[in-house]
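Trainee: Quick one: the structure is below, and I'll ask about it shortly.
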Amino acid sequence: MPYESHAGPVPASRSRPLKKFLLSLGAAAVALALAGPIAGSASAQTTLAGETVTLLIGFPPGSASDIFARQILPFIQKHLPGNPNVIVDSKAGAGGVLAANYLYSAAKPDGHTVGLLISVAEALAVESPAAQFDFARMPILGSQPINRAMLVHSSTGIKTADDLVNVTDPVLHGASGPQNTAYLSNSLFFDMLGIPHRALTGYQGQGAMQQALRSAEIEAAPLTWSLFLNTRASMESEGIMRGVWQMGSVTADGSVVADPAADIPTAHAIIQKHKPEAVGSPEYRALTAVHGALALGRIWALPPGTEQEMIDMWRAALAAAYADPEYMKISQEAGELPFQPPQGTQTLIDNLFASLRDPEVQAVLKRLLAPT
Amino acid sequence: MDEILFAAGSGAVHLFGWPVFPMLVIGTVTGMVFGLVPGLSGLTGLALLFPIAIGQPPEIAVALLLGLYASGTQTDTIPAVLLGVPGSSAAAATTLDGYPMSKKGEAGRALSASYAANIVGTIISCFIFIAALPLLRELISALASPEFFMLAVLGLVLAGSLSGDSVAKGLMMACGGLLVSMIGLSPNTGEPRLTMGTFYLWEGVPIVAVLLGLFGVPEVIELAAKNSTIASTAVVKTNGFVRGLRDVAEHWWLVVKTSVAGAACGFIPGLGGPVAEWFGYAIAVNSAKDPSTFGKGDIRGVIAPEAATAAQKPGALIPTICFGIPGNASMAMLLGVFMIVGLIPGPDMVTTKLDITFLMFWTIVAANIIAALLSLALQRYLILICFIRATILVPILLAFMVMGAALATKNFGDVVVFGVFGALGCLFKYTNWPRVPMTLGLILGPLAEPYFFLSVDRYGIAWLWERPVVATVFALIVAAIVIPIYQNVARRRRDRSALVVKTTHLGGTR
């Protein structure tokens, strides 16, 4: 008899545990979803152990930015609490701006994505339509200034900055494009010194520009500071070209300082010496703005809405990575300029925007950017 | 001279030291994998190995990274020959004759000839540059934008006039490639062109996705449609090894010529692998008494481009280490690492650090030999890919290709580009329009365009007749267009007269 009474309920009893199981699964999922953010923020406070952190860059693998990111990556990993796995993700596009747009609007503000934004301040300076992000809403972790040396061909007769005032023939200077900082900086510099000049734009990278300089197709061209420091001696012994001035780095108080690693003056110092009347002019302020964008060449930032604890954790980790003796040795050998902490970076950003809002500076930049 | 020999010896001692040699093997094997898989390039491999190389002594970094750099051109031939899909853009010409050979069951012969040509090309190139180091410095200083523009046009015209049955079709496809290359930000003014309102296209169309689409998809579709194996014959001679070696020995003069041409392409910044390859192929076709066998499985069509691409690699090293001017994209990446590990470009590299320069050359030679030996050892198994059923192979290949298309950027746009160019590739294949000139237009367009603007900007139009190198290259360009047309006409006339003779013999039955 008991067998018969069991015959009916069997399928039911078989399905009931399944239903129960599914229900409990659903409940667990809901509980997890609810608990997720809380648990996430709680664990974030202490450690990122076993998790993966993404370092977002705006240029493709193998670019200078990629190499720089991979250089500092092990030290970031070492100094983040819990030593998470750190990977580099390149979202190349629109001259580095795509990564900034992505960090601003698509990246999760959970502290697991950090952006190393390259040349994005330049894009803002020239009002690129692609720049769809806002520094005011992104937590800034600090920045790494970029400096450049200006090389001049021996045929110009310019050996030191003091020779510049004697130049009468037009100087041909090269740049990658008419929105590039080198183009803007040199045009303003030569204009203020009253030196006739003509820009040749369209060189695809430093290699092409160096070659053009070597063949005397152009007479002046920019070179990345680290490459300049490392090739300077051989360049001078060869005698074809030499570094005559540097762009320097704009500091938080608005002054421009030369990197003492090479004893060549900044563009600002040359103008102060030879054309003191130009100091303070709209062109001079525009030059400071352009070099200010260069000082913000590599900005470390988090997505908008990241919690304060995460921001603090990242700031501490980044400062420690830069201060790591082993990293300092690598960065010194590569000729990198010192790290700019968050406060200074914020001031640089504020200064840049203040000068770009100045109608006189705007007029100067618009004139240079207008298609000829 | 003693000093140079001493440096050469000391470079070799470095190479076989511990742990330099094991690092070389690791780099080489990694490079082989990245060369073998279409869509993965040596560039991606270099990016992966960077963190390991940085922080190492210069000798180890050089062995690891240059090993990877050198071995990719060995294995990129394997998919080019076996599947008709070039493993990298520098193996596109190899497919023209390598794949037909594979279909005839001569894959083993084609591959072993390719390995040997690679090794010989590398060695020849290394020795040319070691001998000519001081002179080349002067030469490269004389080249400026007009010369670079003309050289790019020459590469384009060679691809256009040589890769199809019709010069006109080839040149039209090359122009189509140039048009596609104009998508993106204008290099001169920075304005977005043909970007269809998207930011994705600001950087231009991704070359890897285009290559995989144009060359990969049509072959895979055909494979799927036939539902058979890649090799159309059941008998495959995996023992064509000796035959391949003998081919290289028989055509030694062709190997020397193409190696010299390839080395020159490497030395001139911006030309790189694809141009070297087409130069090599052009030399093979032009020096042949009967060029009609090319494209149908002629071994010379495999040997020539392979020797040229291999020779290009040591060539690209010279401007990089002497002037800090990267000879190609991989060298641009390597330059950064060289500097971090303390190898500063400049005269030092040919004076005080000459032993490291030699180590670089020996590394490239050794990596080629190691890669060839490993490929030979595994060749028997690699050839088996030809005999896997299409139903198994097609999904795997497609998955690899989609992965390869979007691997570097992880952008869905790359998958769309892959799809669009896949469809175009099928269209071109079945309507018999050559796809290679289009690819080269796409690769050379971004080089040629700014150089053209710069030339006009700097020299007006006087550069067209005032510069001897420009005039020489221009003459070569005219020859590259006229000679194939003349040959086509001559062949047609010959065929017709042969036909007339035949028809009179057979009483007009044809």
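Trainee: Quick one: count up the residues across region A:225-277 that are within 14 Å of chain B (Cβ to nearest Cβ) and within 23 Å of A:Asp350 (Cβ to Cβ).
Mentor: Number of matching residues: 0.
Trainee: Residue check: is A:Ala286 in a helix (DSSP H, G or I), of a type in the set (A, V, I, L, M) and either in contact (Cβ under 8 Å) with a residue 24 or more places away in the chain or buried (at least 18 other Cβ atoms within 10 Å of the Cβ) (or both)?
Mentor: Here the answer is yes, as A:Ala286 does meet what is asked.
Trainee: Any residue at all in region B:339-357 that is at positive phi, touching a Phe, Trp or Tyr at 6+ places or on another chain (Cβ under 9 Å), at pLDDT below 85 and within 14 Å of another protein chain (Cβ to nearest Cβ)?
Mentor: yes
Trainee: Would you call B:Gly108 part of a helix (DSSP H, G or I), crowded, with 24+ Cβ neighbours inside 10 Å, away from chain A (no Cβ under 14 Å) and modelled with pLDDT of 80 or more?
Mentor: Answer is yes for this residue.
Trainee: Which of the residues spanning region B:1-16 are at pLDDT below 80 and outside any helix (DSSP H, G or I)?
Mentor: Passing the criteria: only B:Met1.
Trainee: Also, quick follow-up: Output the residues belonging to region A:205-224 that are more than 7 Å from chain B (Cβ to nearest Cβ) and outside any helix (DSSP H, G or I).
Mentor: Result: A:Gly205, A:Ala216, A:Ile218, A:Glu219, A:Ala220, A:Ala221, A:Pro222, A:Leu223, A:Thr224.
Trainee: Starting from residues that are aliphatic (A, V, I, L, M) and assigned to a helix (DSSP H, G or I), keep the ones in region A:326-357 and report whichever is nearest to the other protein chains (Cβ to nearest Cβ).
Mentor: A:Ile330
Trainee: Can you pull out every residue in region B:433-487 that is surrounded by fewer than 22 Cβ atoms within 10 Å (Cβ to Cβ), among the β-branched types (Val, Ile, Thr) and assigned to a helix (DSSP H, G or I)?
Mentor: B:Val456, B:Val469, B:Val470, B:Thr472, B:Val473, B:Ile477, B:Val478, B:Ile481, B:Val482, B:Ile483, B:Ile485
Trainee: Hey, another quick one. Determine whether region A:248-255 contains at least one residue that is aliphatic (A, V, I, L, M) and over 29 Å from B:Ala142 (Cβ atoms).
Mentor: Among the residues of region A:248-255, at least one is aliphatic (A, V, I, L, M) and over 29 Å from B:Ala142 (Cβ atoms), which makes the answer yes.
Trainee: Exactly one of (1) within 19 Å of the chain's Cα centre (by Cα); (2) surrounded by fewer than 21 Cβ atoms within 10 Å (Cβ to Cβ) is unmet by A:Leu227. Its number?
Mentor: For A:Leu227, the failing item is (2).
Trainee: Which condition number does A:Ser143 fail, the rest of (1) within 17 Å of the chain's Cα centre (by Cα); (2) within 14 Å of chain B (Cβ to nearest Cβ); (3) among the hydroxyl-bearing types (Ser, Thr, Tyr) being met?
Mentor: It fails just one condition, (2).
Trainee: Sticking with this structure for a sec: Go through the residues of region A:239-255 one by one and say whether even a single one is under 29 Å from A:Leu356 (Cβ atoms) and in contact with a Gly (Cβ under 7 Å, 6 or more places away or on another chain).
Mentor: yes
Trainee: Give the residue, chosen from A:Gly177, A:Gly202, A:Gly157, that is within 14 Å of chain B (Cβ to nearest Cβ), surrounded by fewer than 23 Cβ atoms within 10 Å (Cβ to Cβ) and not polar (S, T, N, Q).
Mentor: A:Gly177
Trainee: Can you tell me which of (1) modelled with pLDDT under 65; (2) more than 14 Å from chain B (Cβ to nearest Cβ); (3) buried (at least 16 other Cβ atoms within 10 Å of the Cβ) is the one A:Gly62 doesn't meet?
Mentor: (2)
The values are calculated or read from the model by the stated rules, or taken from the named source; none is laboratory data. Because the structure is predicted, anything quoted here is derived from the model rather than measured. As a convention, Cβ positions derive from the backbone with ideal geometry for all residues, glycine included, and neighbour counts pool all protein chains shown.
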